[in-house]
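Everything on this sheet refers to the single structure shown next.
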Amino acid sequence: MGWGPGAGVCLRAMAHLLIIEDDALLRDGLGAQLTQAGHTVVTCANGEDGQTQLQTSRFDGVVLDLGLPRISGLELLHWLRQRLAALPVLILTARDSTEDRVQGLNAGADDYLTKPFDMAELQARLGALLRRARLPAFGGSLELPSQTGRRLRVDAQLPQAWLGDEALELTQREWALLSLLVTNAGRVVSREDVLETWRTSAPDSAGATGGLASNALEVYIHRLRRKLEDSGLNIRNIRGLGYMLESTAP
Ligand code: CA
């Protein structure tokens, strides 16, 4: 297929991540992988340094080993949750013990992985956590970098979108579609995702999308594409899978 991992990278919102892991090999590996995925990464080898980082910097997400020197991962998680309730935390546990995981999840972890884990799975899970965390933030506003054209800016609270200084005129359905694509920029959004979003966020006068003609989605995609002309962004049709918002920059 023509869409490689690089296709959407420039669009995928980068995150500032904290990795707290005392295993140097794993820590360096995680750091390198997540940096390569486009994130900025700070690494710590013990709980105390991790705590200092959390006190002094703002992070979008944390990968936290539970078995850590000085301050344990679980202790740090308890501490963190009292201060940064919404910060996404993915815990790593060495033992495949149910008790360990349950404790971590009870302490406020959003997800966990048992070592040894697959790096691709870690990235997928972390990506899901960050996207979920961003949804409320998306209630604020979000800007998509555009290398060639006018910058797309969306504000979900108003709701309103702009291309450069120009407000986009969007129907409720177009807005829901654009929001979904922007939130998942660089990733494929399936037809089912779009229909589900329409069902929940933009029910039309008929009250449902069940009767929507099969080509209706293409019509909306086409309209949205035209409205995004000159933005440096394109809605790509990924045959058989769905649609992806991507940069048209080379
Ligand atoms: Ca450890």
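The values are calculated or read from the model by the stated rules, or taken from the named source; none is laboratory data. Remember, predicted model here, so these are calculated numbers, not experimental data. No Cβ is skipped: glycine too gets one built from the backbone with ideal geometry, and neighbour counts run over all protein chains shown. These area figures cover heavy atoms from the full protein model, side chains too; ligands, DNA and RNA do not enter into them. Shrake-Rupley method; radii C 1.70, N 1.55, O 1.52, S 1.80 Å.
Summary of computed values
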quantity: Among the candidates 80, 64, 34, 90, residue that is in a strand (DSSP E or B) and more than 14 Å from the ligand (Cβ to nearest atom); calculated: 90
quantity: Checking residue 112 against (1) surrounded by fewer than 19 Cβ atoms within 10 Å (Cβ to Cβ); (2) within 16 Å of the ligand (Cβ to nearest atom), the condition it does not meet; calculated: (1)
quantity: Whichever residue in segment 67-77 is under 18 Å from residue 112 (Cβ atoms) and hydrophobic (A, V, I, L, M, F, W, C) and, among such residues, is nearest to the ligand (Cβ to nearest atom); calculated: 68
quantity: Residue among 57, 97 that is away from the ligand (no atom under 16 Å from the Cβ) and at pLDDT below 90; calculated: 57
quantity: Conditions (1) more than 19 Å from residue 54 (Cα to Cα); (2) at pLDDT 85 or above; number of the one not met by residue 108; calculated: (1)
quantity: Residue in segment 52-65 that is surrounded by 15 or more Cβ atoms within 10 Å (Cβ to Cβ), more than 18 Å from residue 16 (Cβ to Cβ) and more than 22 Å from the chain's Cα centre (by Cα) present; calculated: no
quantity: Count of residues meeting criterion [open to solvent by less than 70 Å² (accessible area, probe 1.4 Å) and over 20 Å from the mean Cα position of the chain (by Cα)] in segment 115-124; calculated: 2
quantity: Flag for residue 124 being within 16 Å of the ligand (Cβ to nearest atom) and either closer than 30 Å to residue 186 by Cβ or not assigned by TED's automatic domain parsing to the domain that holds residue 185 (or both); calculated: no
